[in-house]
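Read the figures in this text as sums done on the coordinates, not as results from a lab. No experiment lies behind these values; they were computed from the predicted model shown. Don't worry about glycine lacking a Cβ; one is built from the backbone with ideal geometry, like all the others, and counts go over all protein chains shown.
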Amino acid sequence: MKNQLRRSRDNRWIGGVCGGLGEFFGLSPFWFRLLFFILLLPGGLPGFLPYVLLWIIVPVETGE
């Protein structure tokens, strides 16, 4: 099966976006959480908007 971008069911804090990105790219979700946190600092929108869009667009992984 191809490696598809999915929100993680197991490795999640809020929506599973960072866990899914970490699994997709083969990195620790910590780095994606840190990136979104840093992007939140200058006023919120640069980090909040992409996270919410990914939360809406990327489907949750199935239990297969």
Once amide H atoms are placed 1.01 Å from N in the peptide plane, what residues at a sequence separation of 5 or more from VAL60, or on another chain, have their amide H within under 5 Å of its amide H?
-> ARG7
Check: the chain dipole with +1 on Lys, Arg Cβ and -1 on Asp, Glu Cβ, in debye = 60
May I ask you to order 11-18, 55-62, 33-40 by the average number of other C-beta atoms within 10 Å around their residues, highest value first?
-> 11-18, 33-40, 55-62
So, counting K/R as plus one and D/E as minus one, what does the shell of residues with Cβ under 12 Å around GLY22 add up to?
-> +2
